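Please read the structure below before turning to the comments.
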Amino acid sequence: MKFNIIYVDDEEKDRDLFTLRFNEFCKDKFNISAFKPPKTREEYESEIKPQETDLFLIDLDLSIPEEESRKRSIFDGLSLAMELSNNRPGVPIILFTREEIINRRNPSKQALAIIDETLYKGKLFVEGTKNLDVLYNFVQGFKLLRDCKEKNIKSLLSLLNDPNPDINRDDLNISSSLFNLDYWEVSDVASWIRRVLLSYPGILFDSIFCATLLGITKDEFLSKDIQIFFMDAKYTGIFAEGIFVDNEDTERWWKSKIIEIVIDIIAELGTSPTPIKKNFPNSLEQKIGREIQRSKCNSSNISPADTVCFIKKEPVSYQNSLSYYPDSRPSVMEEARVSYKAIQETDRVNLNLIDETDRELIPKIRKMKE
Amino acid sequence: MNNVEELRQLFEKLNLPKDLHNDRSVLTLLVLLNLKKDSPWEKAERNLLGIQEIIEKIKAFYNVDYATGSRESIRRETINLFIEHSIIEKNPDEPTRAPRSPKTNYGVTKDFLNLMKSFGKTEWDKKLVNFKDKIVSEFNQSEQGYVNFQTDSAILIELGEKLVTNSSIALAELVKNSYDADATKAIIRMRGISKKGGTIIIEDDGTGMNYSAFIDGWMRIASRIKKEEPYSILYSRKTSGEKGIGRFACRKLARKLELETVSQNVHGVKEKLTAYFNWEAFEEGTSVDAIDIYYKKEVTSEDTPTYTIITLKDVKDSWNEQSISQMQKELLELITPKTFEEEIKHNKETESEEVYDPGFEVSFDIPEYPKQETFLTDDFFKNAWAKISGCINETGDANLKLEVIKPYLNKFEKSHKVSKKFEFIKNVDFIFYIFVLNPEFFINSEWNRRKTGTLLKIKGGIKVYGDKFRIFGYGIEGDDWLKIDADRAKSRSGVNKELKIYREKGDRPGLRLFTNNVLYGHVKFVLNDNMGLNIASDRERLIENESYDELKYFVRLGIDFATVLYSKEVDEKIQLKEEKEEAERKAQEEAKRKAQEETERKVQDLLDQATKIRNEAKDLGKKTTLKRRKIEDERRMLEIAKQKLEEVKASDNEIKQVVTSISRLLKEERIAIQEEEKAQEVAQKLIDDADTLQKQSYEYKFQLEKERKEDVEREKEIIEEIFRREYALLRALASTGNSILLFQHEMRILNDTIRDLVINYKQMLNMIQPLEKHIYLMSLDSYLQRAEIIGVFAEFLGLAVGSRSIHEVDEWLILPIVKAIVNPFTYEFDRRGVELIISIDKRLRVPQKMYRAELFSIIYNLVSNAYKFVHQEQIQKIMIKAFEGEHGLHIQVLDTGKGLEKSRWEDVFKAFVTDSDPNTIFGTGMGLGLKIVKDIALAYNGNAQFVDPPENWKTCVDILFPYNSNKEGNMNEI
């Protein structure tokens, strides 16, 4: 399936460049049409608004005047996005700009909430990234949501391919508390899937969380002979290609399904399933006949580790980590924690995001010897 | 067939050269015959046309356009060839017309006209044969004999205005002629030259020119006279102008030249010669010897002095004040100035002993611009710091000598034998004066510093003279032939290595290199001995070759020699001044201390004295009181006894005795009371005295306190001033910080853009050949690598001045900061073979909360210093270490550089003291780095110092940050 893109940019050079690139790299996936920013409301009404499209790519800075008339657009990227989100609900809008422009303009969070994603001009076509696949998956996801006839929990669950809808329904309900699951809007639900469900570990787990849950290392979890067991747990629903990030795992697994599979494996060997972290690696060793590396706390020798350090993305024990509040994740999600190691070996931990009582420990943690 | 074709066929029949068979030639001839395309041949007539008219006629008759620019080819390639074949003649109406006259015209010859008129008629064939015979016989006449080179007048242009492009040099060539004629003065008079068409007269009192000299010399181009007679007759002056181009050079100046000269011939008869030259007659295409020059020779009275007057009339260009002043300056310096006595000495060796050359002066008479440039007077040179002379002798050995004229500190003379043996040049001398534009040099002199400076700016520099005459291009304003200004500007630290022996350790004389505008002098060489030193024919430069290089080397060595000696003087003077100031300061402090001690002693004395007096007073009072009391007691006892006696009714006598005693005692008592009162009075007075003394001592003490307080205040003020200055610097740096943030921002965008570009071009490269593609891909990759470095730099700047770095205090980790600092330089370090070792535990933090920018600044400064130290060494190693010691955290940076003497360990922490060499990565230090490092360390109660480096290392800087006093508990408590 081929999707249409409407691309609005004030710079002719970029309009030409990216039209060329889209046609060069992914002609089979996208049909791109580039537009100058509308100078007047009439121009907007007649040229941009009526376009049948699956995606709007909007440059943030639209301040360069049109060459012939020397007139500037009445919009900037965000106001144009606002207009479009009202007029064309359900069609995703991506702010397509340069990293430095965002840094310089520093738009507010509320302003950015209007748009569905930010994409840097310099990064989209970088070799060796999956960004174009992600973009396709992104547009496809919105299309699936728009095409959904009944916008209720049932249709949503089927779009998510949830293998355990009964188990997960409550959690999903809680984590999506801001909108009505039985009568949802495309943009709300898309935002929730991408920014909550796929972003925070809890209902879905990324590889390091899965591995830690199972008491083994991430490498072991991702090894072929172990992955075989968890095929059914993998998230394959909409937006499965995840989010636009560099060098980060985009694969997710349903936590409930992982546990279900693990219990079966342990039970098969007649052992008590809990604690999973201890018993699963043993059972697995028996089952596949090789030694398996256990997960280990990055800040002590404790094994298996309890959770994952938010800063270092490494397993850590509760004992050697502190609660951390970097975002507003729903309570059904895993709590964020920072390891002592991160506190000792980086300056990236923002001490203000640690509980006040824990903050007093920082000097002592820093002075600990290895 | 039309006229054009018919004429072309005729050309073939006449066997005219192929070069003439073109349209241009045919059409030219047709218009000269006044024929249009279809006019019958019998209508032909002779049309006299200039070349421009030919072009216009062709356009009118045949509608063919020749650009005005093709005039020359019509003239050379058509007309001239026709002339050679007797088809066309020049100026048939006035054959004697001046060459290049605007009236010049061309017409067909009568024979050709006749021939053409008969075209197509019965007589044609016969006429054609006749004409053909005629032109063949004229053109191919068989003959033999001798031919001469023809000298086209264009040679004069080549010799004159083309060779000499500068008006002053043109005049100079004439003035040289005066010198060669043993003149003692030459006067240059100029009239009406503020506009074109003026007159210039060069007048001298030389020996003049007789008829034979005029014919064999003046009238002969490239005359050998001067070559054969290298010395002048009267004063044996070495003659100049070997090519004798002076008179032609004047063509540049004026259109006409008149020569008037009186000389004495061999028979002792005075002969006056006049001649007139109209240069306009010598136009290109004419033969030089074809043009007549009018002259007149007559005998004059015997008492007429000899002289030469050359009058240049109808001057081509106008002169303004600036060009006049420039010309005067250059002519005044044309001949080595008299100021250099060595010059005269040198002359004496070559002169015959009887005739002493009275010298040669040039003066000016220019009423329109009366301002005269003058020679520098001797007084001027009395203000120089030193005179330096150098000479390369016959065998190529060279010596330098410096004599101090006006001491900066010491008056001395120093000679130096140059180690290099000169291969290509010999008999070269230079003398120059070095000025130090320091006011104290100009006390009691009519020259003040500013005047000298201005003059030096205009006239300074080192000029070059070949034999006696100036080679103009050197030592003029803006010329830096010795590259001294350039080296000074670059702060090149080195002077010639062979002068090392005169240097003090640690001084950097290169920084004091004299610039052109404090030097005045010349270098002079004998042309005959230095065949390699060729004067370019424009008379402005020497041709650059090995000889020239040696000349440059020699003079520059002289300047370096002076520089080294001067630098030593300056250093010594500074040191003396410092020592003197230090001694004065110490003496002052000592005197003050003594005065204060004296005062303190006085205060104590006064207090002691007061106490003593008080005690005395007390004693005195006590004594008299006791005495009085004793008497009083005695008296009372007697009164009681008297009472008792009266009670027992003792005898009167007895009572009387007692009464007598009592009255005696009463008397004594009265005296005692008086004594007591008196003593009290004295005591009071003594006490008053003591009080005064005490008061006085208090005053002294107060004074002393006040003085001490003032001292403290003064010190405080000084410290405040230092703070103010540091704040000013910080403010400046803070603004730089902002611009760096902008810069960082720009760099990030640039980085982005570069990546973008690379993607584009890689895409484009897919379309070209694999081999080329590989090359381009490689260059793209290196471009990308640079872009990454830019990216790292942007991060680096962010860390240095970013908001977290200057607003947030923390006990920062050291390792990430060190890595961020060295990262941008690893590429350069690798390339230059600098080995960098980092030995820092990844958990090590600074023990106190500080700004990251401070830590950054410390490490950056130390690493950049270390790099500056090692970058010219063979082994280039830098180590950055951090560890916890007994008293605190140590950060150390070690290097294998040139090392630093222990005596300077303290010094280099002072502001603006620098010991590092400038280099391409970190640039030249301002000498602030280590001061900053130390200040930051001190601000945290720490220290920065050099310590003895471990084996195999040359320098080690140690920074100490003491542990925070409120010790944190042990981790086991958690």
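The values are calculated or read from the model by the stated rules, or taken from the named source; none is laboratory data. Just so it is clear, the model here is predicted, and its values are computed rather than measured. A quick note on method: Cβ atoms are made from the backbone with ideal geometry, for glycine too, and the neighbour counts reach across all protein chains shown. The accessibility values were calculated without ligands, DNA or RNA, using every heavy atom of the protein model including side chains. Shrake-Rupley method; radii C 1.70, N 1.55, O 1.52, S 1.80 Å.
Here's the yes/no breakdown for (1) at pLDDT 85 or above; (2) part of a loop (DSSP other than H, G, I, E, B):
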residue: B:842; (1), (2): yes, yes
residue: B:855; (1), (2): yes, no
residue: B:860; (1), (2): yes, no
residue: B:897; (1), (2): yes, yes
residue: B:912; (1), (2): no, yes
residue: B:916; (1), (2): no, yes
residue: B:925; (1), (2): no, yes
residue: B:932; (1), (2): no, no
Looking at A:206, A:219, which one is touching a residue at least 24 places away in the same chain (Cβ under 8 Å), over 16 Å from the mean Cα position of the chain (by Cα) and within 30 Å of residue A:125 (Cα to Cα)? A:219
Six or more apart or on different chains, Cβ atoms under 9 Å: show the pairs whose first residue is in region A:342-370 and more than 10 Å from chain B (Cβ to nearest Cβ) and whose second is charged (D, E, K, R) and part of a loop (DSSP other than H, G, I, E, B). A:342/A:312; A:342/A:314; A:342/A:348
Inspect region A:35-42 for any residue being open to solvent by 40 Å² or more (accessible area, probe 1.4 Å), within 25 Å of the chain's Cα centre (by Cα) and either of a type in the set (Ser, Thr, Tyr) or farther than 18 Å from residue A:116 by Cα (or both) and give the result as yes or no. no
What is the residue count in region B:437-467 for residues that are of a type in the set (D, E, K, R) and either surrounded by 19 or more Cβ atoms within 10 Å (Cβ to Cβ) or in contact with a helix residue (DSSP H, G or I) (Cβ under 7 Å, 6 or more places away or on another chain) (or both)? 6
For region A:86-123, enumerate the residues that are open to solvent by less than 40 Å² (accessible area, probe 1.4 Å), part of a helix (DSSP H, G or I) and touching a residue at least 60 places away in the same chain (Cβ under 8 Å). A:121
Test each condition in (1) within 14 Å of chain B (Cβ to nearest Cβ); (2) more than 27 Å from residue B:818 (Cβ to Cβ); (3) of a type outside the set (D, E, K, R) for residue A:293 and report the one that comes out false. (1)
Mind checking which residues of region B:108-126 are in contact with a Phe, Trp or Tyr (Cβ under 9 Å, 6 or more places away or on another chain) and open to solvent by 30 Å² or more (accessible area, probe 1.4 Å)? B:111, B:114, B:117, B:119, B:120, B:121
Residue that is in contact with a helix residue (DSSP H, G or I) (Cβ under 9 Å, 6 or more places away or on another chain), part of a loop (DSSP other than H, G, I, E, B) and among the hydroxyl-bearing types (Ser, Thr, Tyr), where the choices are A:300, A:323: A:300
The lone exception for residue B:758 - which of (1) hydrophobic (A, V, I, L, M, F, W, C); (2) open to solvent by 100 Å² or more (accessible area, probe 1.4 Å); (3) modelled with pLDDT of 75 or more it fails: (2)
Among the candidates A:183, A:200, single out the residue that is open to solvent by 30 Å² or more (accessible area, probe 1.4 Å), touching a Pro at 6+ places or on another chain (Cβ under 8 Å) and in a loop (DSSP other than H, G, I, E, B). A:200
For residue B:363, the lone unmet condition from (1) out of contact with any strand residue (DSSP E or B) (no Cβ under 8 Å at 6 or more places or on another chain); (2) surrounded by fewer than 21 Cβ atoms within 10 Å (Cβ to Cβ); (3) under 27 Å from residue B:172 (Cα atoms) is (1)
Residues that are more than 13 Å from chain A (Cβ to nearest Cβ), touching a helix residue (DSSP H, G or I) at 6+ places or on another chain (Cβ under 9 Å) and at pLDDT 85 or above: does region B:773-785 have at least one? no
In region B:669-691, residue farthest from the chain's Cα centre (by Cα) [restricted to those that are open to solvent by less than 80 Å² (accessible area, probe 1.4 Å) and of a type in the set (Val, Ile, Thr)]: B:673
Filtering region B:758-771 for residues that are assigned to a helix (DSSP H, G or I), touching a helix residue (DSSP H, G or I) at 6+ places or on another chain (Cβ under 8 Å) and either closer than 27 Å to residue B:822 by Cα or more than 9 Å from every other protein chain (Cβ to nearest Cβ) (or both) leaves a count of 3
Given (1) over 22 Å from residue A:206 (Cβ atoms); (2) loosely packed, with under 15 Cβ neighbours inside 10 Å; (3) modelled with pLDDT under 90, identify the lone condition not met by residue A:368. (2)
With the checklist (1) among the β-branched types (Val, Ile, Thr); (2) modelled with pLDDT of 75 or more; (3) farther than 17 Å from residue B:205 by Cβ; (4) assigned to a loop (DSSP other than H, G, I, E, B) in hand, flag the one item residue B:324 doesn't pass. (4)
Scanning region A:36-68 residue by residue, the ones that are assigned to a loop (DSSP other than H, G, I, E, B) and under 21 Å from residue A:111 (Cβ atoms) total 9
Need pairs with beta-carbon distance below 7 Å; first residue within 14 Å of another protein chain (Cβ to nearest Cβ) and within region B:825-851, second in a loop (DSSP other than H, G, I, E, B) and open to solvent by 60 Å² or more (accessible area, probe 1.4 Å); sequence gap 6+ or separate chains. B:843/A:370; B:847/B:963; B:847/B:964; B:848/B:964
Select from region B:648-668 the residues that are among the charged types (D, E, K, R) and at pLDDT below 85 and write down the one among them that is surrounded by the fewest Cβ atoms within 10 Å (Cβ to Cβ). B:649
Condition first: surrounded by 13 or more Cβ atoms within 10 Å (Cβ to Cβ), over 43 Å from the mean Cα position of the chain (by Cα) and aliphatic (A, V, I, L, M). Now tell me which residues in region B:564-614 satisfy that. B:603, B:606, B:607, B:610, B:613
Just checking, does region B:52-62 include any residue being assigned to a loop (DSSP other than H, G, I, E, B) and open to solvent by less than 10 Å² (accessible area, probe 1.4 Å)? no
Any residue in region A:132-148 that is more than 14 Å from chain B (Cβ to nearest Cβ), surrounded by fewer than 21 Cβ atoms within 10 Å (Cβ to Cβ) and among the aromatic types (Phe, Trp, Tyr)? yes
The residue that is farthest from residue A:144 (Cα to Cα), considering only those in region A:16-49 that are within 14 Å of chain B (Cβ to nearest Cβ) and touching a residue at least 12 places away in the same chain (Cβ under 8 Å), is A:16
Just give me the residues in region A:89-131 being within 12 Å of another protein chain (Cβ to nearest Cβ) and among the aliphatic types (A, V, I, L, M), in sequence order. A:101, A:102, A:124, A:126
